[in-house]
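The values are calculated or read from the model by the stated rules, or taken from the named source; none is laboratory data. What you are looking at is a predicted structure, and each value in this text was computed from that prediction instead of being measured. Positions of Cβ are backbone-derived with ideal geometry, glycine not excepted, and every protein chain shown enters the neighbour counts. Just the protein is used for accessible areas: all its heavy atoms, side chains included, with ligands, DNA and RNA removed. Shrake-Rupley method; radii C 1.70, N 1.55, O 1.52, S 1.80 Å.
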Amino acid sequence: MTGYALRKGLTFCRVDGRFVFLDLPRDRYFCLSPIADQAFLDVIAGESPAWVAPALRDGLLREAADDTRPVACIPPAPPRGSLHDNNQIVSRTSVLGALTRRAASRVWLRARPLKAVLDRVQERKSSRADVELSVAQISRLAAAYRRAGMLVSAHDQCLATSLAVAWQLASLGATPHLILGVKLHPFQAHCWVQMGDVVVNDQLDAVRLFTPVLVV
């Protein structure tokens, strides 16, 4: 049996009964038509509907060995706690560092494609030894970014902030998860960082509204 996989750079999740795709090379999200959505569900289940031919032609799918089938984004552990509102005391130097790194991330995102940026984050994580940071260390880092957001608004800056947080944690030898999530009705994308099942830079109730579509 011919297998099928997504084109390289595509990832997806299922939200409210619909598939949502992230096309990293093209830096865009999209959904399928209701008919194509059902056909894609059939492909995952091991069938080969007529829709496969145009999906191959349009580059959504590619043929793969054996009975390979597309697999949705595998999320990390469900978030059970958050460090966002912790009351750790942080220095002005730490807050200034958070502001600087967030600003640098914004420049980085404007200058380079999203895929290239996320690849660098993955490389950073892989190049450092796995160090187990204390809860106090991570809490101080989270508090620094929260205070930075109070000084200079972080509204609509979830990606830049999360990149800065993930990069700093990875530089310390930790293995954070940088998560991009989506929701529908209305469509919205969001980004946050987790260490295990603990959200570092957002409130628990906020991230629970989103389904992960990519985990770095």
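Some observations on this one:
- Residue-level analysis places LEU118 outside the set of residues that are within 21 Å of LEU22 (Cα to Cα) and open to solvent by 40 Å² or more (accessible area, probe 1.4 Å).
- Condition met for VAL107 (open to solvent by 50 Å² or more (accessible area, probe 1.4 Å), at pLDDT 95 or above and not charged (D, E, K, R)): yes
- Being part of a loop (DSSP other than H, G, I, E, B) and not polar (S, T, N, Q) is a property that holds for ALA154.
- Selected residue [closer than 30 Å to MET195 by Cα and in contact with a strand residue (DSSP E or B) (Cβ under 8 Å, 6 or more places away or on another chain)] from PHE30, PHE40: PHE30
- For the stretch 18-30, the candidate set comprises residues that are free of Cβ contacts under 8 Å to residues at least 24 places away in the same chain and either more than 13 Å from PHE187 (Cα to Cα) or touching a Lys or Arg at 6+ places or on another chain (Cβ under 8 Å) (or both); within that set, the residue that is most open to solvent (accessible area, probe 1.4 Å) is ARG26.
- Scoring LEU159 on the criteria (1) at pLDDT 95 or above; (2) open to solvent by less than 30 Å² (accessible area, probe 1.4 Å); (3) assigned to a helix (DSSP H, G or I) leaves a single failure, condition (2).
- Meets criteria (out of contact with any Leu (no Cβ under 9 Å at 6 or more places or on another chain) and over 30 Å from ASP16 (Cα atoms)) for ARG124: yes
- Filtering the stretch 57-79 to residues that are over 22 Å from ASP16 (Cα atoms) and either in a loop (DSSP other than H, G, I, E, B) or without any contact (Cβ under 8 Å) to a residue 40 or more places away in the chain (or both) leaves ARG57, ASP58, GLY59, ALA65, ASP66, ASP67, THR68.
- Here the condition is being part of a helix (DSSP H, G or I) and free of Cβ contacts under 8 Å to residues at least 24 places away in the same chain; of VAL117, VAL95, VAL107, it holds for VAL107 alone.
- Top-ranked residue of the stretch 189-208 - restricted to ones that are among the aliphatic types (A, V, I, L, M) and open to solvent by less than 20 Å² (accessible area, probe 1.4 Å), ranked as nearest to ALA142 (Cα to Cα): VAL200
- Residue in the stretch 163-181 that is assigned to a helix (DSSP H, G or I), over 16 Å from PRO79 (Cα atoms) and of a type outside the set (A, V, I, L, M, F, W, C) present: yes
- Extreme residue, nearest to ALA142 (Cα to Cα), among residues of the stretch 72-91 that are open to solvent by 60 Å² or more (accessible area, probe 1.4 Å) and within 16 Å of the chain's Cα centre (by Cα): PRO78
- Test: residue in the stretch 154-162 that is over 21 Å from LEU99 (Cβ atoms) and under 16 Å from the mean Cα position of the chain (by Cα): no
- Residue match in the stretch 125-146 (condition: of a type in the set (A, V, I, L, M, F, W, C), buried (at least 20 other Cβ atoms within 10 Å of the Cβ) and over 17 Å from THR175 (Cα atoms)): yes
- Scope the stretch 80-100; condition of a type outside the set (Asp, Glu) and under 12 Å from ASN201 (Cβ atoms); matching residues: SER82, LEU83, HIS84, ASN86, ALA98
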